[in-house]
């Protein structure tokens with residue numbers, strides 16, 4: 001029964017929702033995810049401070065951020081709600097949805113990574129072994145079809 005539930009979960013996540021990874025683990029409260037971060041708004045990383053100032057009027061989340069740098073990817077932020085001594089969130093119970101959903105798969109599509117001591121891990125929904133086996137079966141099927149001609 002557990003295998004059937006796992007297969008249904010994999011199907012929904014990968015085929016219906018189009019996801020490649022799911023989150024496991026729990027937060028270790030290291031605070032690294034709240035500093036030196038990029039923020040994606042719609043389909044692009046926030047590039048300039050004028051755009052950022054406009055966004056601060058649109059959504060409460062942006063008011064929690066402070067620009068600390070800029071590089072070729074875009075503006076680099078840190079959250080003002082991170083306590084620098086305890087590395088804990090000052091508004092943890094009322095934190096925005098983006099913080100509650102961290103880490104998301106999109107982090108990897110932007111070239112990001114989790115720190116080594118992060119309690120979260122992003123596990124592939126379909127393990128590489130399964131993907132490779134499927135590709136091999138498909139390749140062998142094509143090859144055997146050619147031999148039959």
Residue by residue through region 45-59, note down the ones that are loosely packed, with under 13 Cβ neighbours inside 10 Å, within 21 Å of the chain's Cα centre (by Cα) and modelled with pLDDT of 90 or more.
none
Tell me yes or no: at least one residue of region 17-26 is surrounded by fewer than 12 Cβ atoms within 10 Å (Cβ to Cβ), within 15 Å of the chain's Cα centre (by Cα) and either touching a residue at least 24 places away in the same chain (Cβ under 8 Å) or closer than 22 Å to residue 91 by Cα (or both).
yes
Any residue in region 49-65 that is on the phi > 0 side of the Ramachandran plot sitting within a Cβ distance under 9 Å of a residue that is at pLDDT below 90? List the pairs, counting only those 6 or more apart or interchain.
none
If we keep just the residues of region 1-32 that are in contact with a helix residue (DSSP H, G or I) (Cβ under 8 Å, 6 or more places away or on another chain) and not in a strand (DSSP E or B), which is nearest to residue 116 (Cα to Cα)?
20
Among the residues of region 115-134, which ones are in contact (Cβ under 8 Å) with a residue 24 or more places away in the chain and part of a loop (DSSP other than H, G, I, E, B)?
115, 117, 118, 119, 125, 126
Out of the residues in region 60-92 that are modelled with pLDDT under 90 and not in a loop (DSSP other than H, G, I, E, B), which is nearest to residue 31 (Cα to Cα)?
92
Residue 42 meets each of (1) on the phi > 0 side of the Ramachandran plot; (2) surrounded by 13 or more Cβ atoms within 10 Å (Cβ to Cβ); (3) within 17 Å of the chain's Cα centre (by Cα) with one exception, condition (2)
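The values are calculated or read from the model by the stated rules, or taken from the named source; none is laboratory data. In this text, all values refer to a predicted model and were calculated from it rather than measured experimentally. Note that each Cβ is placed from the backbone with ideal geometry, even for glycine, and that neighbours are counted across all protein chains shown.
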